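Only one structure is covered here, and it is reproduced in the block below.
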Amino acid sequence: MDTDDTEDPPSRGTTSAIRNPTSLSAHVGSAGAVPYLSEEPGAKARVALKFAPILKELRVHFVPAHPIGPAPTYGASFMAVLRYSPLNVYLVFIPISWAMHYTHQSATLISILCCLGIIPLAALLGLGTEQIALRTSPSVGGLLNATLGNIVEMIIAGIALKECKLELVQSSLLGGLLSNMLLILGMAFIVGGYRFHSQEFQPMVAQLNSSLMTVAVISLIIPAAFHEYIGDRLNDGEEVPVLLQLSRGSAIILILIYIAYLFFQFYSHSHLFLSTEKSPRSSLASTPSGSHSVLPVHSPPSLSSPEFGDIEHPKLNTPVALLVLVVTTGFAYLTAEHLVASLEGLVSAHPSIFEKWITLIVIPVVSNAAEHTTAVIVASKGKFDLAMSVAIGSCIQIALFVVPVLILVAWGMGKPLTLLFDPLETLVLFISVILVKFSVEDGKSHWMSGVVFIAVYALIALSFWNFPDTVRMFQGHELICA
């Protein structure tokens with residue numbers, strides 16, 4: 001009898017296992033895996049398997065580029081905060097400005113003291129952000145620096161929106177864009193060019209940033225063109241509702257673009273945003289002329305690598321760094337509130353000084369002190385991608401997220417904030433974006449580019465020195481904000 005043609009009946013244990021999935025797991029665990037009888041993974045296991053690649057990609061951004069030394073004690077951290085910068089001496093102006101505000105003293109002195117008080121607060125915000133970002137990748141560090149560096153501007157814009165000073169909201173945010181693009185990036189290129197013959201960064205990232213800023217400018221040009229050429233064709237009283245509808249729809253689109261940009265940066269093309277650090281003793285591999293290949297990524301050194309000596313020693317431990325961020329933000333809010341309240345009295349007392357110049361030039365320079373310091377320091381160390389991320393990343397965040405969010409918040413508050421900026425402001429921003437685009441899109445720069453950026457910023461500041469405060473009219477009527 002041929003035993004090959006016969007099939008043994010399943011054993012009693014196997015039969016019961018088929019009827020009972022619980023016993024099947026025990027049977028498989030004891031006798032080995034049975035593929036055609038294996039149990040499907042549970043819901044939690046399927047979710048974990050589905051999101052495992054995403055978590056793996058995100059985890060890369062929380063790995064520091066250098067080994068981190070031991071965290072300092074609480075006492076050493078607080079002493080580092082006190083000794084961080086000579087600018088800390090200006091902290092004494094904060095309580096003085098508050099006292100003068102509540103006792104209704106000179107608006108001019110209040111404005112000056114508030115500006116002086118905001119400078120060390122911005123620097124301390126930069127310190128706390130830097131210490132948190134030290135434990136992450138350059139892309140996350142740049143996002144943190146951009147976000148927390150914009151806190152003062154967001155506070156000022158929010159306070160102005162609450163008080164229905166719509167022109168102040170727009171000019172302060174536009175001033176932040178110009179300050180980051182021209183002044184901060186220009187200073188970073190000059191300082192970096194002093195130590196390095198050329199400065200290189202990811203060309204694809206630079207091109208993407210230029211494209212995003214171009215989109216932001218287009219979102220401002222369209223309402224300006226609509227107001228200039230189409231507003232008179234509408235019936236009386238119809239222009240403002242149409243502009244509000246256009247601005248709110250554009251705001252939603254810009255926010256979606258920013259969310260897509262974050263997905264691009266942290267997931268789909270995260271390798272482009274890793275560090276390409278350059279040092280005097282090792283330079284990046286050169287690429288042929290005209291090529292736009294991705295620069296080699298600087299991997300975190302291992303314990304056995306020769307770069308292990310480049311250990312990053314944190315000045316603050318994490319709890320103190322977070323405490324510094326929270327306390328400094330609170331002080332910045334109160335000081336900025338007093339500053340906004342004093343601007344009207346300052347302009348009234350000094351007719352030769354226009355509010356537009358203060359909000360477009362002075363306040364952004366003061367509030368961007370943290371980003372300015374961070375970008376210059378990292379550029380001097382050869383971290384040009386991080387410097388670009390701090391300066392241009394901040395511009396992208398303001399243009400694609402902060403401004404649109406304020407448009408939607410104003411919508412909820414019933415205030416007519418639109419994307420229609422002053423025509424000269426829109427033109428200046430357009431020229432600045434074009435200049436930066438041509439200078440950085442090839443992924444290389446030098447100190448002369450920084451000189452050009454700062455020269456253009458000085459020209460803009462000079463042009464707005466005598467810019468009068470005008471009332472914006474829509475079809476012959478003044479815009480009313482309740």
key: Residue-span extension gain [Val326 to Glu344] - 0.36 nm each, minus C-alpha spacing   = 3.6 nm
query = In nm, to one decimal, how far is the modelled label at Ile253 from the one at Ser380, with both set 7 Å along Cα→Cβ?
reply = 4.4 nm
request  = For Ile96 paired with Gln207, estimate the spin-label separation in nm (one decimal), with each label point 7 Å from Cα along the Cα-to-Cβ line.
outcome  = 5.3 nm
message = Only counting other Cβ atoms within 10 Å, I'd like Met213, Met413 sorted with the fewest neighbours first.
response = Met413, Met213
request  = Would you please name the GluC sites (Glu not before Pro) within the stretch 156-204 that are DSSP coil residues with at most 16 other C-beta atoms within 10 Å of their C-beta?
outcome  = Glu163
message = Compute the distance from the alpha-carbon center of the stretch 359-437 to that of the stretch 169-212, in whole Å.
response = 11 Å
query = Label-point separation (nm) for Leu427 and Cys481, each offset 7 Å from Cα along Cα-to-Cβ?
reply = 2.4 nm
remark   = From fewest to most C-beta neighbours within 10 Å, the residues Cys114, Cys164 line up as Cys164, Cys114
remark   = Nearest-0.05 FRET efficiency for Met448 and His271 at R0 = 22 Å, using Cβ-Cβ distance, is 0.10
ask   = Where does each of Tyr258, Tyr457, Tyr194 land when they are ranked from fewest to most other beta-carbon atoms within 10 angstrom?
value = Tyr194, Tyr258, Tyr457
inquiry  = For a 26 Å ceiling on Cα separation, which of these pairs sit above it: Lys315/Lys383; Lys356/Lys415; Lys162/Lys437; Lys356/Lys444; Lys315/Lys381?
reply    = Lys162/Lys437; Lys356/Lys444
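Coordinate-derived values only; no laboratory data. If you're wondering where the values come from, they're calculated on a predicted model, not measured in any experiment. Glycine also receives a Cβ, built like all others from the backbone with ideal geometry; neighbour counts cover every protein chain displayed.
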